[in-house]
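J.: Take a look at this one; I'll ask things after.
The values are calculated or read from the model by the stated rules, or taken from the named source; none is laboratory data. Because the structure is a prediction, the values reported are computed rather than measured. Note: ideal-geometry Cβ built from the backbone for every residue, glycine included; neighbour counts use all protein chains shown. To get the accessible areas, we keep the full protein, side chains included, count just its heavy atoms, and leave off ligands, DNA and RNA. Shrake-Rupley method; radii C 1.70, N 1.55, O 1.52, S 1.80 Å.
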Amino acid sequence: GCNKWGLEEIFNLSLLKQRDLDELGSIFEFWTTSGEHNLKDKRDRILRSFYGARYDRREGVTDWDYHSHIKPYASIIHPRQFREWRLHGQAFEFGGALYTSENVTLIRPHGRNNSKQKAKIDVVTGPFFSYGIDCDRTNPFADGLFDVANKGTGAEQHRHSASEVSVYNIVSFMWEIENGKDYEMTVKGDIHSGLGNDSFSEKEIESSSSVDCSGFADSKSADQSDLQYSIIPVSDFSKISKKKFDNFFDTVFISDCTTSVLENNEFYNLLKDDAILTVETSRFNVAKDKECKKDSIDKISNILAKMSAIEVVDSMSSADALLKFMFKAK
C-alpha cells in the first residue's frame, strides 16, 4: 500500500469522497485479478470506426498521417515505430522480448461487480509525445540523444529513438524524486550511465523477489518535503468551482479539448498568485490540419489577451505544443 512505499507523503487523497476511493480500489483490484479481455478485437473495432471506408488502405493512410502530422514535428519517432503502434498497438519494444500480456490499464470496469468493461484505446496520435520527443537538457550527453546522422543528404537518421528518450525521461523523474537533483548521464549514448555502480542490472531485477523500499520516504530532500499531489476527480469545471478550492492550485494543466475553461472568470479564482498555467495546443493532434492547429493558438491568444492577470512565460507560436503562463492576482 501507500504506507509501504512512502507514497502517502506524495499523494493527498483527502479530497476524494469515499465513493471515489472505493471506485479506485475496485479498479486497481480489477487490474490485478482480471483475466483475458480480447483487447486485440476491441482495438480492431476502434480502428475500423476510425478509418471507415479507408480501413482496407489503412497502411497507406498511416504512412500519410506520419509524414504529414508526425515527422514535421517529431522526426525522432521512427515511421516503423508509429506504424507498428497504429496498426497493432505495440508502441515500445526492447530487445527480443515477446509482448503477450494485455495492457489491462486500458480497461475501465463499471457496473455491478465490474461486470462491464469499456476500452479506452487511442488509435490516433500515440503515446510517444508524452516522454519520447524531448527531455531536460541537463548536460551535453542529453543533447546527444537528438543527434541526427547524414544531415542535408535526404537520408537523415536519428541516432537514438523515441523509446530511448522515454526511458531517459522516466529514469530522470525517478532519480529526481529520490535524490532531489537533476539526473545526468556520464557516458555519451548510455541513458543509464548516471545511475552509477549501485544501479540494478536487468538480470538482477528479474531475479529479485522483493525490493526494500523502507528508506524511500526518508530519502527525500528538504525541497521535496512539502511536495504533494492532490487528486480531485471531476467531470466538468463546475465540480471544483467551490470556495474551498479558491487560491488552491500552484499549477494547472489545460488540455487541448478543454481550453474553453479559460473563458470562465471563476476558473482564475482557483489559482494561487504566481501559479503556472500550462495550456496544450493542437500541434500533435493528427486529426487536425494545419489551419485548425493555427486556430488553436489564435483562440488561446484571444482569450488570454483579455486577462490582465496573465503573463506569458514562453513565446506563443504555432510550433509550440505547450504554452506556459503565470497568473498574477490583482
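J.: If PHE146 meets every condition in (1) of a type in the set (A, V, I, L, M, F, W, C); (2) over 25 Å from ALA91 (Cβ atoms); (3) modelled with pLDDT of 90 or more; (4) open to solvent by less than 50 Å² (accessible area, probe 1.4 Å) apart from one, which number is that one?
T.: With respect to (1) of a type in the set (A, V, I, L, M, F, W, C); (2) over 25 Å from ALA91 (Cβ atoms); (3) modelled with pLDDT of 90 or more; (4) open to solvent by less than 50 Å² (accessible area, probe 1.4 Å), PHE146 is out only on (2).
J.: Next up: As an exercise: evaluate CYS292 against (1) part of a helix (DSSP H, G or I); (2) surrounded by 12 or more Cβ atoms within 10 Å (Cβ to Cβ) and give the number of the one condition it does not meet.
T.: Condition not satisfied by CYS292: (2).
J.: Could you tell me which of the residues ASP65, ASP136 is farther than 22 Å from GLY52 by Cβ and in contact with a helix residue (DSSP H, G or I) (Cβ under 8 Å, 6 or more places away or on another chain)? Break it down stepwise before answering.
T.: Numbers: ASP65 fails: farther than 22 Å from GLY52 by Cβ.
Going through ASP65, ASP136 in turn, just one is farther than 22 Å from GLY52 by Cβ and in contact with a helix residue (DSSP H, G or I) (Cβ under 8 Å, 6 or more places away or on another chain): ASP136.
J.: Only one residue in ASP65, ASP41, ASP22 is within 19 Å of PHE129 (Cβ to Cβ) and of a type in the set (Asp, Glu), so which one is that?
T.: Numbers: ASP41 fails: within 19 Å of PHE129 (Cβ to Cβ); ASP22 fails: within 19 Å of PHE129 (Cβ to Cβ).
Residue meeting the stated conditions: ASP65.
J.: Please name all residue pairs, on different chains or six or more residues apart, with Cβ atoms under 8 Å, provided the first residue is in segment 265-284 and is more than 30 Å from ILE70 (Cα to Cα) and the second residue is of a type in the set (Gly, Ala, Ser) and open to solvent by less than 20 Å² (accessible area, probe 1.4 Å).
T.: TYR268/ALA309
J.: So which of LYS242, LYS328 ends up being closer than 26 Å to LEU16 by Cα, modelled with pLDDT under 80 and open to solvent by 30 Å² or more (accessible area, probe 1.4 Å)? Break it down into steps so the answer makes sense when it comes.
T.: On the way: LYS328 fails: closer than 26 Å to LEU16 by Cα.
The conditions single out LYS242.
J.: Among the residues of segment 105-144, which ones are part of a helix (DSSP H, G or I) and touching a strand residue (DSSP E or B) at 6+ places or on another chain (Cβ under 9 Å)? Even if it seems obvious, please write down each step before you answer.
T.: Step one: filter segment 105-144 for residues part of a helix (DSSP H, G or I), giving 105-106, 112-114, 128-131, 140-144.
Across segment 105-144, the qualifying residue is only LEU106.
J.: Among ARG108, ARG57, which is free of Cβ contacts under 8 Å to residues at least 40 places away in the same chain and open to solvent by 50 Å² or more (accessible area, probe 1.4 Å)? Give the steps one after another, and end with the answer.
T.: Working: ARG108 fails: free of Cβ contacts under 8 Å to residues at least 40 places away in the same chain.
Exactly one residue qualifies, and that residue is ARG57.
J.: Something else: Would you confirm whether or not segment 194-211 contains a residue that is open to solvent by less than 40 Å² (accessible area, probe 1.4 Å), under 30 Å from PHE82 (Cβ atoms) and at pLDDT 60 or above?
T.: There is at least one residue in segment 194-211 that is open to solvent by less than 40 Å² (accessible area, probe 1.4 Å), under 30 Å from PHE82 (Cβ atoms) and at pLDDT 60 or above.
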